[in-house]
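Read-outs: derived from the displayed coordinates by stated rules, not from any lab. Everything quoted here is computed from the prediction, not taken from an experiment. Counting neighbours? That spans all protein chains shown, and the Cβs are built from the backbone with ideal geometry, glycine included.
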Amino acid sequence: MSRYKNVMDKRQEILLKSAGVDYSKYEEGIVSFNYEKMMKDIGYGLNEVREIQKKAGVGNTPLIELKNITELARKISKTGKAARILVKDESCNPSGSFKDRRAALSVYDAKIKGYKGVASATSGNYGAAVASQAAMQGVKCIIVQECFDSKEIGQPEILEKGRKCECYGAEVIKLTVGPELFFTFLELLEETGYYNASLYSMYGIAGIETLGYEIAEQCREYYGKDPRAVVVTHAGGGNVTGTARGLIKAGSFETDVIGASVDLTGLHMASDKDFNKKSFTTGHTGFGVPFIINPDRSDVPRSAARPLRYLDRYVTVSQGEVFYMTELLAQLEGLERGPAGNTSLAAAFVLSQEYEDEDIIVVQETEYTGAGKHLMPQLTFAKNNNIKIQIGNPEEEIPGESIILPSHPSKCRIKEINMLDLKASYLKNIVLKLRGRKLMSEDLKYLCDETKLVEDEIIRILIEYGY
């Protein structure tokens, strides 16, 4: 216990040393910090980031029109109309996902600053991206993953990603689910002195800005207009934040940014009992909601991922709908891509039917597939864990008990998440952090930026929660 307490007591010191950033200079009020100044201080402009990524084989990925899926959406649409559905094929990046954009800048920055190695705590595609970029840059790499439940049964998708990391030469530390992840990662950073290639650093977010920028560029080049909406799979918030910032930098101000997550309501992400009852290890509400209402719950002192600043809408889809859309993508468009990356496609298929034929809706990313990431081993694993696999109405799906693939494409639907409720929950957390202290003027301005609410509305909500 003393070892655990010793490491956790030094968490801020360890995180600051491993980030190479003095976060204290951005603190301004009681709860506020200068977010835009932090983002400007990365030291790399957008064009420089693009050049760094280009040299690492990252970015400039294809934008593909899904003509057959669009036609299907129009056939089942109540109006007979649906926006053109396009997909940004990020599987073309070196490790097979958009996470290469984050990793390319972070690993480059680590090398420039003289770190001997990089480390990251992630069970997702980001680990493979960091390992790939570390191999290119000639620096050492350690990835820490939560892979198993207490019975040492591993989640197929996470194990697949671990194998991919090892293929790139990284050391992979595999853990059971629970609180030991953060402790182990902190201890590792302290012992090695490695760079914390965090998903939530400003370098990680700046790396994704190029993705939003490219989407705007390519839509203008190919179609002569900006997209009406971009749908982004939402987990920790960095994907939403970076993509939206890139669209803004490209001048695409009228484009709706819509987050999409798999609905895993009722399953606890840190629960040993629930760990293997889910078929999606990222892009789900178990990450999406907590990181919206408390974005600084990450492995850096101040997260650069601020989803509430950028989201116009937030919707959820079921596990069965994502698996179904994964099959549609393969069989109608000839594109086999990983199920988790198709979360936003499942949402876009439904959302497209809200728009006109001449509108464009962009699915912001795809990911590689293979081994445990393929939908068949995921469904087999679910069945072996006593999850019922059915065909029918996905609205009847119960996370942890069933996966229901739609019996017809018209059965696909989205569930709208009330953005005001999320903003209220965020502000409730602010009240808890205040502990009776009074907000300063800069705090109120900061909260307006964070929530896109006016000051009077913020004060009303704060008072509701005891401010």
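Roughly how many whole Å is it from the C-alpha centroid of segment 181-231 to that of segment 265-280?
Cα centres, segment 181-231 to segment 265-280: 26 Å.
Pop out the ³J(HN,Hα) list for segment 313-327 in order, Karplus 6.51 cos²θ - 1.76 cosθ + 1.60 with θ = phi - 60°, rounded to Hz; leave Gly and Pro as x.
8, 9, 10, 10, 10, 8, 4, x, 5, 5, 4, 4, 5, 4, 5
Apply the Karplus curve 6.51 cos²θ - 1.76 cosθ + 1.60, θ = phi - 60°, to the phi angles in segment 111-122 and return the couplings in whole Hz, x for Gly and Pro.
5, 4, 7, x, 6, 7, x, 10, 9, 8, 9, 7
In straight Cα distance, which aspartates and glutamates are under 18 Å from LYS388, not counting same-chain residues fewer than 8 positions off?
Answer for LYS388, where 18 Å is the Cα cut-off: ASP263, ASP274, GLU321, GLU396, GLU397, GLU401, listed by chain and number.
Under a cut-off of 17 Å between alpha-carbon atoms, report the aspartates and glutamates in cross-link reach of LYS78, not counting same-chain residues fewer than 8 places apart.
Leaving aside aspartates and glutamates fewer than 8 places away in the same chain, those within reach of LYS78 are GLU354, GLU356, ASP357, GLU358, ASP359.
Relative contact order for segment 367-433: what percent, with Cα pairs under 8 Å and sequence separation of 6 or more?
With pairs under 8 Å counted, the relative contact order is 18 percent.
For Cα extents along the principal axes in Å, the choices are [x] 59, 51, 45; [y] 62, 51, 50; [z] 69, 60, 41; which was calculated from the structure?
Here the calculated entry is [x].
With runs of 4+ DSSP H residues as the only contributors, calculate the mean residue ellipticity of the chain at 222 nm using -39,500 (n - 2.57) per run, divided by the residue total and rounded to the nearest 500.
It comes out at -14000 deg cm²/dmol, rounded to the nearest 500.
Tally Lys/Arg at +1 and Asp/Glu at -1 over every other residue whose Cβ is under 14 Å from the Cβ of LYS81; what's the total?
That works out to -1.
Which of the peptides 125-133, 446-454 is most tightly packed, and how do the rest follow, going by the mean number of other Cβ atoms within 10 Å of each residue?
The peptides rank, most packed first, as 125-133, 446-454.
Over segment 1-120, what is the mean sequence separation of C-alpha contacts under 8 Å (at least six apart), divided by residue count, expressed as relative contact order in percent?
Once normalised by length, the contact order is 19 percent.
Give the relative contact order (percent, whole number) for the chain; include only Cα pairs under 8 Å separated by 6+ residues.
19
Run through the DSSP bridge list for the chain and note the antiparallel percent, rounded to the nearest 5.
That works out to approximately 15 percent antiparallel.
If you plug each phi of segment 230-245 into the Karplus form 6.51 cos²θ - 1.76 cosθ + 1.60 with θ = phi - 60°, what whole-Hz ³J(HN,Hα) values come out, in order, with x for Gly and Pro?
10, 9, 10, 5, 10, 10, x, x, x, 5, 4, 4, x, 4, 5, 5
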